[in-house]
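Asks: One structure is given below, represented as structure tokens, and several questions about it will come after.
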Amino acid sequence: MQTLWQDLRYAVRMLKKSTGFTAVAVLTLAVAIGANAVVFSVWNGLILRPLNLPGSANLYTLSRASDRSSNESYANYVDLRDRNHSFDELMASNVYEVGLDSGKNASRAWSFEVSENYFDGLRLQPYLGRFFHASDEHGENSAPYIVLTHAYWRSHFQADRGVIGLVVQVNKHSFTIIGVAPPGFRGTAVLFSPDMFLPIINSEQLSGWNGLTVRGNRWMDSVIGHLKPGVTPAQAIADLNAIGSDLAKSYPKEDSQMSFLLKHPALGGDSTSDAIQAFVGGLMLLAGLILLAACANLGSLFAARAADRSREVALRLALGASPVRILRQLFTEAVLISLMGGAVGLWGSVLLLRWLSTWNPFPQYPLNMPINPDFNVYTVALLLSVASGFLFGAVPVRQVLHTDPYQIVKGGVTDAPGARITARELLLGVQVAICAVLVTSSLVAVRGLARSLRSDFGFDPRGVTLVQTDLRMAGYDDDHSPAMQKRMIDAMATIPGVSSTALVSTPPLHVACCENSYVFNDQTAELSSSNSAATAASFTISPDYFASAGTPLLAGRAFTWHDDKNAPRVAVINEVFARKVFGSETKAIGQYFKTSDATRIQVAGIVRDGKYTADINEPPQAVMFLPILQQPTTDTWLVVRSNGDPQQLAVAIRGKLRELDSGLTSFIATWNQAMNPALFPSRMAASSLGVLGAMGGILSITGIFGMAAYSVSKRRRDLGIRMALGAQRPEVLKAALGRAVRLLALGSAAGLLLGIVATRVLASIVYQATPRDPLVLTGVVLAMALLGLVATWIPAQRALSIDPAVLLRDE
């Protein structure tokens, strides 16, 4: 312990003397270990411990083997629940948005519709009040009860214990609050954070549609359950498959294939879970490679540092110190640096993870990111720090063990780098090439994102505010909705600065867009999918929608308020629809087509093609717009075009809606904000590649710096002799740094070529991304040149500051 304390004090003194080296080493490790801590925390939060529930090791989600989906119909769930012999309980759940009116302002809330055995099956105890149970069910709409989440109880009801027994309105139906869930329990979908739990038996009151007996509609999100003691997953699957086979024979029209898989509940669905696990697994592999590259670079730095300290090491060996004692000192310095870097990296990762845990790129949906660091994350960060210190600290071991103290004390360091390329230099060249690939890809992604924001989407989102309203939440049905919707449009028109207002079922490029259906030529008699002329997305709109959305009408007419249920069925189509169904745009006006239910619809107008689904890279697709009076729906979006401030407009819109009906709830966002999900892949690609490019740049800087510093340290005598013989500054720099600069140039050129090839794949994610952009190519060249300048600046100064007189006198 005494010698260890001596080593620590000596290591601290030496690191204080070399503040530049210490800062570079700590920063490099902080980046690498911090990246690993962040990625492992995401893996730990989403994959390793997705649900913090009693007996979670035996908790499984049922999914279909055919499509790996966890969706199921309620009727099938009841049969599986009652007939299986493998589970203690099977519980069902479904996510649904509702309107809640507690006597104050009505608001929108996200609920978990759950089976009556949900809480008992999960073995939970309420924080306040009670849960609903299977004994509360007495048929459809028989359990009007609410259990609040602890977070919603604190935020919406100010943690009032007197809330138990309070009767509130949910979609204009009376429900009684009977309990509050325990803190931290957010349901059984990892990424979703509901506000309350409602009995699924009351789903008709919430949605206006009774799906409890509809066996062919798999509208529920998931079915989960605890395996009984001694039952294996394979036995449970065989049990479920036997029930499914019997149901498929009994109801062949509703479901002909019913075989099952079991997985631990995670991420809201098995198919989503698989994709996210693969993505996070790839990030973990990449973070591990970054850490290995950082260790390799720090190994070069330590080799250069050992070369600088060769006389000190030789003197200590000559005075009787053992090589093991010298190596222990070097390892102490390495581990101390790695612990410092790990501490800085972990501190930065904790700050980033705290921000990520509250980050919600889609504010309309209550996402939950359970990625806060825990003991596992801290342990992994510590182990990575210690292992990294030993890994890069071992690089100069051979150099120390083969040190001849007599030769060094007598003649100094004389060996210069050879002409052949070493494995370390080859590895560094690969790092530089990878850095150039990342820089190229990140610049391509940024430029593609910038272009996508200025693209022609077939509509103009600038100056448009979207207002989602579901009139069913306020007690309206399809028959009574049109009159209120007309009043809403008229009310918006009275707001100063509003130029036009209309309704649309779902706005283009929204995450929930849109329904697709087969369409047929008017002469087609057999309306089967094989005979369809096209698959078309459909939008239900009100008059003035095209003016409000900024969509050009190319031919024909738009809808009027006379296009109601009593008028002939009409539609406005886009150019792709006209070409696929009628051959050309010029032939389409006045022609008829059919839908799957044999309805004949006449084409009234043609609009310009655009982007419609949440995938901005979608190929051109056929689209039809239908009059809202001929296709009434309660769930619509107001499209309000205005030249005023969006925030002030939102306040005015809420006021107008409250004047019409105090029970109306709304979600308000600009159209650009509503397009965020469609642009999310491009933005994530740009930001992720930007971060990776920065990491690659830091690693390349430290690698080139280490190589250049090592070269200068090993060639100090050679450089001093050159300067004594009259060599000029450019010649000295060429001799000292030429190898590092050539390596940087070759690696950058190779990386740029590879980046151009790699960004072809990126173009499938980022809209309008192209690697042949002159600004991108110029940016890559400038970025890599700046990287080389930063990496070689200090070694160049050291080379030029050599005093040949002092050096030769020492020799």
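The values are calculated or read from the model by the stated rules, or taken from the named source; none is laboratory data. This one's a predicted model, so the numbers in the text were calculated from it and none came from an experiment. Cβ sites come from the backbone with ideal geometry, for glycine too, and all protein chains shown count toward neighbours. Protein only, heavy atoms only, side chains kept; ligands, DNA and RNA dropped before computing areas. Shrake-Rupley method; radii C 1.70, N 1.55, O 1.52, S 1.80 Å.
Asks: Whether any residue in the range 703-711 is open to solvent by 30 Å² or more (accessible area, probe 1.4 Å), among the hydroxyl-bearing types (Ser, Thr, Tyr) and closer than 25 Å to Val741 by Cα is what I want to check.
Replies: Yes, that holds for at least one residue.
Asks: Would you be able to tell me the number of residues in the range 237-257 that are closer than 17 Å to Ser70 by Cα and part of a helix (DSSP H, G or I)?
Replies: 5
Asks: Further, regarding this structure: Search the range 500-542 for residues being free of Cβ contacts under 8 Å to residues at least 24 places away in the same chain and in a strand (DSSP E or B), and hand back the single one that is nearest to Val581 (Cα to Cα).
Replies: Looking at residues that are free of Cβ contacts under 8 Å to residues at least 24 places away in the same chain and in a strand (DSSP E or B), I get Asn516.
Asks: Moving on. Which ones in the range 596-613 are among the small types (Gly, Ala, Ser), closer than 24 Å to Ser499 by Cα and either surrounded by fewer than 19 Cβ atoms within 10 Å (Cβ to Cβ) or within 35 Å of the chain's Cα centre (by Cα) (or both)?
Replies: Gly610
Asks: Answer yes or no: is there a residue in the range 205-220 that is in a helix (DSSP H, G or I), open to solvent by less than 40 Å² (accessible area, probe 1.4 Å) and in contact with a Phe, Trp or Tyr (Cβ under 8 Å, 6 or more places away or on another chain).
Replies: yes
Asks: Give the residues of the range 170-200 that are surrounded by 19 or more Cβ atoms within 10 Å (Cβ to Cβ) and polar (S, T, N, Q), sorted by residue number.
Replies: If the condition is that a residue be surrounded by 19 or more Cβ atoms within 10 Å (Cβ to Cβ) and polar (S, T, N, Q), then Asn171, Thr188, Ser193 are the ones that fit.
Asks: Could you list, in sequence order, the residues of the range 735-766 that are assigned to a loop (DSSP other than H, G, I, E, B) and modelled with pLDDT of 70 or more?
Replies: Hits for the range 735-766: nothing passes.
Asks: Before we move on, is Gln621 without any contact (Cβ under 8 Å) to a residue 24 or more places away in the chain and within 33 Å of the chain's Cα centre (by Cα)?
Replies: no
The rows are residues; the columns are (1) open to solvent by 60 Å² or more (accessible area, probe 1.4 Å); (2) of a type in the set (Phe, Trp, Tyr); (3) in contact with a strand residue (DSSP E or B) (Cβ under 7 Å, 6 or more places away or on another chain).
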residue	(1), (2), (3)
Val444	no, no, no
Arg451	no, no, no
Pro461	no, no, no
Tyr476	no, yes, no
Asp490	yes, no, no
Thr494	yes, no, no
Ser500	no, no, yes
Ala534	no, no, yes
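Asks: When the range 652-665 is examined, which residues are found to be open to solvent by 30 Å² or more (accessible area, probe 1.4 Å) and small (Gly, Ala, Ser)?
Replies: Ala652, Ser662
Asks: Further question on the same structure: Just to check your reading of the model, which residue among Gln407, Gln431, Gln364 is surrounded by fewer than 18 Cβ atoms within 10 Å (Cβ to Cβ) and either modelled with pLDDT under 75 or at negative phi (or both)?
Replies: Gln407
Asks: How many residues are among the β-branched types (Val, Ile, Thr) and open to solvent by 60 Å² or more (accessible area, probe 1.4 Å) if we restrict to the range 13-40?
Replies: 1
Asks: Filter the range 224-236 down to residues that are in contact with a Ser or Thr (Cβ under 7 Å, 6 or more places away or on another chain), part of a loop (DSSP other than H, G, I, E, B) and open to solvent by 40 Å² or more (accessible area, probe 1.4 Å), then give me how many there are.
Replies: So the answer is 1.
Asks: Quick check on my filter: what residues within the range 614-632 are open to solvent by less than 30 Å² (accessible area, probe 1.4 Å), over 30 Å from Ala483 (Cα atoms) and of a type outside the set (Gly, Ala, Ser)?
Replies: Scanning the range 614-632 gives Ile616, Glu618.
Asks: Here's something else I'd like to know. State the number of residues belonging to the range 353-399 that are closer than 30 Å to Gly703 by Cβ and of a type in the set (Asp, Glu).
Replies: So the answer is 0.
Asks: Under 7 Å between Cβ atoms, which residue pairs at least 6 apart in sequence (or on different chains) link something in the range 454-469 that is touching a residue at least 60 places away in the same chain (Cβ under 8 Å) and more than 23 Å from Pro632 (Cβ to Cβ) with a partner that is in a strand (DSSP E or B) and among the charged types (D, E, K, R)?
Replies: Gly463/Arg641; Val464/Arg641
Asks: On to the next question. Spot the failing condition for Asp645; the list is (1) open to solvent by 60 Å² or more (accessible area, probe 1.4 Å); (2) closer than 26 Å to Gly497 by Cα; (3) in contact (Cβ under 8 Å) with a residue 60 or more places away in the chain; (4) among the acidic types (Asp, Glu), and only one is missed.
Replies: All conditions are met except number (3).
Asks: Does the range 598-607 include one or more residues that are out of contact with any helix residue (DSSP H, G or I) (no Cβ under 9 Å at 6 or more places or on another chain), among the small types (Gly, Ala, Ser) and on the phi < 0 side of the Ramachandran plot?
Replies: yes
Quick grid of which residues meet (1) under 20 Å from the mean Cα position of the chain (by Cα); (2) under 22 Å from Leu27 (Cα atoms); (3) among the hydroxyl-bearing types (Ser, Thr, Tyr):
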residue	(1), (2), (3)
Leu336	no, yes, no
Val344	no, yes, no
Arg354	yes, yes, no
Asp374	no, no, no
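Asks: Residues to consider are Pro54, Pro50; find the one that is modelled with pLDDT under 85, of a type outside the set (D, E, K, R) and under 25 Å from the mean Cα position of the chain (by Cα).
Replies: The conditions single out Pro50.
Asks: Still on this structure, I have one more. Is it the case, given these coordinates, that Met695 is modelled with pLDDT of 75 or more, under 19 Å from Gly788 (Cα atoms) and of a type outside the set (Lys, Arg)?
Replies: yes
Asks: Determine, yes or no, whether Ala321 is at pLDDT below 75, among the small types (Gly, Ala, Ser), surrounded by 21 or more Cβ atoms within 10 Å (Cβ to Cβ) and in contact with a helix residue (DSSP H, G or I) (Cβ under 9 Å, 6 or more places away or on another chain).
Replies: Against the criterion (at pLDDT below 75, among the small types (Gly, Ala, Ser), surrounded by 21 or more Cβ atoms within 10 Å (Cβ to Cβ) and in contact with a helix residue (DSSP H, G or I) (Cβ under 9 Å, 6 or more places away or on another chain)), Ala321 does not qualify.
Asks: Next up: It is to be established whether one or more residues within the range 526-537 are within 23 Å of Gly655 (Cβ to Cβ) and at pLDDT below 95.
Replies: No, the range 526-537 contains no residue that is within 23 Å of Gly655 (Cβ to Cβ) and at pLDDT below 95.
Every residue, every condition in (1) within 30 Å of Leu782 (Cβ to Cβ); (2) in contact with a Phe, Trp or Tyr (Cβ under 7 Å, 6 or more places away or on another chain); (3) modelled with pLDDT under 90, yes or no:
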| residue | (1), (2), (3) |
| --- | --- |
| Val439 | yes, no, yes |
| Arg454 | yes, no, yes |
| Phe457 | no, no, yes |
| Leu471 | no, no, no |
| Gly475 | no, no, yes |
| Asp479 | no, no, yes |
| Asp490 | no, no, no |
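Asks: Taking the residues in the range 548-583 that are of a type in the set (S, T, N, Q) and in contact with a strand residue (DSSP E or B) (Cβ under 6 Å, 6 or more places away or on another chain) as candidates, determine which candidate is nearest to Arg641 (Cα to Cα).
Replies: It comes out as Ser548.
Asks: Among the listed residues Trp637, Trp671, identify the single one that is under 27 Å from Asn566 (Cα atoms) and open to solvent by less than 40 Å² (accessible area, probe 1.4 Å).
Replies: Trp637
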